Each structure stands twice: as C-alpha cells, then as structure tokens.
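The values are calculated or read from the model by the stated rules, or taken from the named source; none is laboratory data. These numbers were taken from a predicted model, which means no experiment stands behind them. Every residue, glycine as well, gets a Cβ built from its backbone with ideal geometry; the counts of neighbours run over all protein chains shown.
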Amino acid sequence: MRTPLVIGNWKLNGNKHTVITFINRLCNKLISVIGCDVAIAPPIIYLYIAKHNMTTNSNIMLCAQNVDTNIYGAFTGEISAKMLKDIGVKYIIIGHYERRYYHKESNEDIAKKFALIKNEGLIPVLCIGESQTDKNASKTEAVCATQLDAILNSIGAKAFENSVIAYEPIWAISTGESANPLYVQKIHNFIRNYISVHDESVAKQVIIQYGGSVNANNAAELFNQPDIDGALVGGASLNAEIFYQIIHTAACVRNKKK
Ligand code: 13P
C-alpha cells in the first residue's frame with residue numbers, strides 16, 4: 001500500500017521568523033501522525049534554518065523548489081542536487097508550471113534535472129498538468145503523456161521507481177478552485193496506466209500527488225480517491241494549522257483503507 005505524501009510548497013514566501021514559528025508548531029503537532037509522509041519546501045535559503053529548528057525526532061523532510069541542470073562549475077546563481085543532498089534535502093520539485101512558464105524550462109531541461117536527482121539518490125517530484133485551453137480542447141491526457149514521455153524516452157520507466165509525480169492542472173493553481181476529485185482520479189489513473197504500459201510494478205508504487213488549491217476542506221474528498229497519493233500544497237501550506245489538518249486528513253484516509 002502506498003503511503004501518501006504531503007509537501008508544502010511555499011514558493012516565494014516566508015522569512016526567518018515565519019520558518020522557525022512554522023517548524024515549531026508543526027513538529028509539536030506531527031508527533032502523533034502516522035500514515036503520511038511530510039515535507040516542506042521553503043525558499044532554498046531557509047532550508048537550513050528549517051532543518052535546525054526541527055526536533056530530533058521530527059519526521060518532516062526537506063524539499064527544494066528547484067535545482068540546476070549541472071552538478072558544479074561556472075554557473076553563477078545556481079544550486080546543484082549534490083549541494084541539496086549535502087544539507088539533508090530528500091525531495092526536489094521539478095517542472096513546476098511556474099518554472100516552465102516564467103523561466104521557460106523545457107521538457108528536456110526537466111528530464112536532465114530528473115536524471116541528476118536520481119543520480120544523487122534523491123527523489124524528484126515531477127510536476128505535470130494542462131492549461132485551461134488544453135482542457136477545453138480535451139488535450140489533458142495528451143499533454144500529460146508528452147510531459148511523461150520526456151522522462152520515459154530519455155531515462156526509462158525504472159526512473160519512476162521511488163519518484164513522485166505531481167499532477168497540477170495549471171487552471172487550478174492559486175485560483176482557490178480545486179479540480180473536481182473525480183476528474184483528478186481519472187487523470188491520475190491515466191498517468192498510472194501510462195507508466196504501467198512500460199513497467200507495471202513501478203506504476204503501482206509511484207506516488208501521484210495532486211496540486212492546485214488544496215485546502216483543509218477539500219482534502220478528504222481528494223484523498224479518498226484510489227489513485228491520489230497526497231498533495232503538493234501551495235498557499236494552504238503557509239499556515240501550520242491548516243497544513244497539519246491536510247496531513248492529518250491524508251493519514252486518516254490511508255489508515256482507514258488499511
Ligand atoms: P496552490 O495550492 O496555492 O494552488 O498551489 C499549488 C501549487 O502550485 C503547489 O506546487
């Protein structure tokens with residue numbers, strides 16, 4: 001049985017004070033939660049502070065929001081997977097819509113990052129998803145397939161072993177309107193089947209998160225779907241109490257299924 005994974009993607013938000021307060025609050029609450037893996041992705045500059053404010057028995061893991069396509073060298077301003085590993089990062093988000101859009105990242109760049117992350121023994125969180133226009137033109141599955149093909153055709157299906165896919169429809173990001181849980185289930189099932197054609201056992205174990213306006217009110221209905229293995233949470237992850245409620249919901253749903 002897959003363990004759900006809830007990641008808080010803080011994007012370009014937070015400061016030293018909010019990171020410390022958030023970690024203290026979340027560590028206290030999470031002590032009794034079993035049945036959900038948890039990670040936070042503050043801006044890179046705050047990862048170290050987050051780590052050093054966690055209690056020794058904390059099970060919160062560190063996630064980076066981005067990584068470079070190189071490991072070292074003359075690439076001013078960049079950060080490598082090796083460096084992230086060095087400070088204790090476990091997950092790295094790649095292919096987020098905001099990076100595809102604002103930073104013009106291509107599927108090829110993303111495949112390169114995926115391979116480097118796997119090489120370091122870290123876990124990529126590959127974001128995929130369609131625009132409103134794609135959805136209206138019934139191209140959702142074709143768009144997701146192309147984004148998955150970038151990995152499948154360059155490094156193969158085995159790369160998805162111990163990896164995470166986050167299905168984030170662009171039209172649901174930061175809008176306050178989550179996608180319908182049945183719609184999400186349909187796409188998650190498509191994603192799993194698409195990988196299954198290449199490797200059934202890898203497809204069965206790959207974590208497929210949903211992302212796009214997840215909050216404490218819509219989490220249960222989403223997590224109750226068989227192929228939704230947790231969430232990549234944006235805005236709602238900035239508040240420790242709400243983020244905890246989402247984690248708690250994921251754990252409860254999972255423990256009921258057992
Ligand atoms: P919101 O939860 O704010 O819609 O953001 C989703 C997201 O982009 C997470 O990566």
(message) Against the condition surrounded by fewer than 18 Cβ atoms within 10 Å (Cβ to Cβ) and within 16 Å of the ligand (Cβ to nearest atom), how does His103 come out, does it pass?
(response) yes
(message) Can you tell me which of (1) touching a helix residue (DSSP H, G or I) at 6+ places or on another chain (Cβ under 7 Å); (2) within 24 Å of Tyr244 (Cβ to Cβ) is the one Asn66 doesn't meet?
(response) (2)
(request) Scan (1) surrounded by 18 or more Cβ atoms within 10 Å (Cβ to Cβ); (2) free of Cβ contacts under 8 Å to residues at least 40 places away in the same chain; (3) touching an Asp or Glu at 6+ places or on another chain (Cβ under 9 Å) for the single condition Lys82 breaks and write down its number. (result) (1)
(message) Condition (residue is within 17 Å of Ile187 (Cα to Cα) and surrounded by 24 or more Cβ atoms within 10 Å (Cβ to Cβ)) applied to segment 233-251: is it met by at least one residue?
(response) no
(message) List pairs: first residue in segment 222-245 and within 18 Å of Val19 (Cα to Cα), second residue more than 14 Å from the ligand (Cβ to nearest atom) and not in a loop (DSSP other than H, G, I, E, B) anywhere in the structure, Cβ distance under 6 angstrom, at least six positions apart or on different chains.
(response) Ala240/Phe22; Ala240/Arg25; Ala240/Leu26; Tyr244/Lys29
(message) Just the residues that are in contact with a Cys (Cβ under 9 Å, 6 or more places away or on another chain), of a type in the set (Ser, Thr, Tyr) and part of a helix (DSSP H, G or I), please, taken from segment 86-145.
(response) Tyr97
(message) Looking at segment 74-81, can you tell me whether even one residue there is among the aromatic types (Phe, Trp, Tyr), farther than 26 Å from Tyr210 by Cβ and modelled with pLDDT of 95 or more?
(response) yes
(request) Hey, can you tell me all the residues within segment 121-145 that are closer than 19 Å to Ile7 by Cβ, surrounded by 20 or more Cβ atoms within 10 Å (Cβ to Cβ) and not aliphatic (A, V, I, L, M)? (result) Pro124, Cys127, Gly129
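Table: residues versus (1) under 27 Å from Leu116 (Cα atoms); (2) touching a strand residue (DSSP E or B) at 6+ places or on another chain (Cβ under 6 Å); (3) of a type in the set (A, V, I, L, M); (4) more than 16 Å from the ligand (Cβ to nearest atom).
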residue: Phe160; (1), (2), (3), (4): yes, no, no, yes
residue: Gln209; (1), (2), (3), (4): yes, yes, no, no
residue: Asn218; (1), (2), (3), (4): no, no, no, no
residue: Leu232; (1), (2), (3), (4): yes, yes, yes, no
residue: Thr249; (1), (2), (3), (4): no, no, no, no
(message) Just the residues that are under 16 Å from Asn153 (Cβ atoms) and not aromatic (Phe, Trp, Tyr), please, taken from segment 85-123.
(response) Gly95, Ser106, Asn107, Glu108, Asp109, Ile110, Ala111, Lys112, Lys113, Ala115, Lys118
(request) Out of Ile155, Ile191, Ile195, Ile170, report the one residue that is surrounded by 15 or more Cβ atoms within 10 Å (Cβ to Cβ), away from the ligand (no atom under 12 Å from the Cβ) and either within 16 Å of the chain's Cα centre (by Cα) or closer than 23 Å to Val38 by Cα (or both). (result) Ile191
(request) Considering (1) crowded, with 18+ Cβ neighbours inside 10 Å; (2) modelled with pLDDT under 95, say which one Met1 fails and leave the rest. (result) (1)
